[in-house]
1. Output the number of residues of the range 185-206 satisfying the condition of being under 14 Å from K144 (Cα atoms) and open to solvent by 50 Å² or more (accessible area, probe 1.4 Å).
2. Any residue at all in the range 170-184 that is polar (S, T, N, Q), open to solvent by less than 10 Å² (accessible area, probe 1.4 Å) and in the same structural domain as L101 (by the TED database)?
3. Only residues in the range 195-213 that are touching a residue at least 40 places away in the same chain (Cβ under 8 Å) count as the first member; pair them with residues that are open to solvent by 50 Å² or more (accessible area, probe 1.4 Å) and in a loop (DSSP other than H, G, I, E, B), Cβ under 6 angstrom, at least 6 apart or cross-chain, and list the lot.
4. Scan the range 101-122 for residues that are touching a Gly at 6+ places or on another chain (Cβ under 7 Å) and buried (at least 18 other Cβ atoms within 10 Å of the Cβ) and report the count.
5. Tell me, yes or no, whether the range 88-109 has at least one residue that is within 24 Å of A145 (Cα to Cα) and in contact with a Ser or Thr (Cβ under 7 Å, 6 or more places away or on another chain).
6. Look through the range 73-123, keep the residues that are of a type outside the set (V, I, T) and in contact with a Pro (Cβ under 9 Å, 6 or more places away or on another chain), and return whichever of them is farthest from Q152 (Cα to Cα).
7. Out of all the residues in the range 141-166, which are open to solvent by less than 70 Å² (accessible area, probe 1.4 Å), in a loop (DSSP other than H, G, I, E, B) and in contact with a strand residue (DSSP E or B) (Cβ under 9 Å, 6 or more places away or on another chain)?
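The values are calculated or read from the model by the stated rules, or taken from the named source; none is laboratory data. Keep in mind the model is a prediction, meaning the values are calculated, not measured. Cβ placement follows ideal geometry from the backbone for every residue including glycine, while neighbour counts extend to all protein chains displayed. To get the accessible areas, we keep the full protein, side chains included, count just its heavy atoms, and leave off ligands, DNA and RNA. Shrake-Rupley method; radii C 1.70, N 1.55, O 1.52, S 1.80 Å.
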Amino acid sequence: MLWNIDLTLVDVAIVTRDAYAEAFRVVTGRPLVKLVPPLGRPDSEIVFETLAVNGIQAEDDHLPKFLSALAVAFADRRGRLAKEGRMLPGAKDALKAVSRLDGVIQTVLTGTIRSNAVHKLKAFGLDKHVDFTLGGYGEEVYPKATLLQVAQSRAKERLGTPFTAANTVVIGDSTRDVQAAKIGGAAMIGVASGRSMAGELLEAGADVVLPDLSNASEVVAAVAGLTSPVGRTA
């Protein structure tokens with residue numbers, strides 16, 4: 001099971017924007033004027049677009065330098081995450097409840113680079129049930145659907161089990177998350193807590209749509225209903 005992070009589990013947009021501004025200054029020597037909206041895109045894509053809209057011609061070393069600077073800037077600000085950000089309703093209980101489902105391993109499918117993903121979830125005590133060695137992250141230059149398949153391959157290599165739409169679930173808040181799940185090969189639970197309305201998530205093809213994560217039993221029922229590993233018990 002793969003969780004999107006931003007606006008699904010937490011909202012730390014203020015700190016993220018500040019870290020981007022610092023990373024931009026470090027890499028370009030100029031102040032950041034405009035940061036492109038995330039819209040469910042990976043950090044690697046956001047970096048290139050942010051450079052472009054600020055008049056910087058991207059070169060081969062810009063992406064690795066920017067992502068490295070972003071990791072440092074975000075780590076320097078991790079103490080602000082819980083103070084200036086928020087955990088979305090029900091996130092902690094939902095993670096805990098899903099962890100009780102037999103055979104389920106929880107990881108993330110996120111546009112955030114791995115180090116920052118860890119900081120975001122640790123700040124709110126949401127990391128306990130997440131295996132960060134699996135999943136897909138924003139430093140990997142893939143469309144999110146391909147990133148999902150990369151994560152499935154990692155899980156297969158580790159666990160020896162093929163992962164398909166029959167036993168893989170993505171939970172996210174945007175239509176881009178839904179599209180990635182449908183193209184990449186996973187069932188999809190949409191959560192109308194962020195970028196997209198419930199109707200938009202359904203129209204995009206989400207298998208189940210929840211208003212938020214506040215009802216852990218509904219989350220568990222949705223996950224169990226969309227997967228079919230042998231011997232599944234709740």
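1. Adding up the residues that qualify gives 0.
2. Yes, the range 170-184 has at least one match.
3. So the pair list comes out as D212/P89.
4. Total satisfying the criteria: 7.
5. The answer is yes, given that some residue of the range 88-109 is within 24 Å of A145 (Cα to Cα) and in contact with a Ser or Thr (Cβ under 7 Å, 6 or more places away or on another chain).
6. In this case the residue turns out to be D102.
7. Hits for the range 141-166 are A165, A166.
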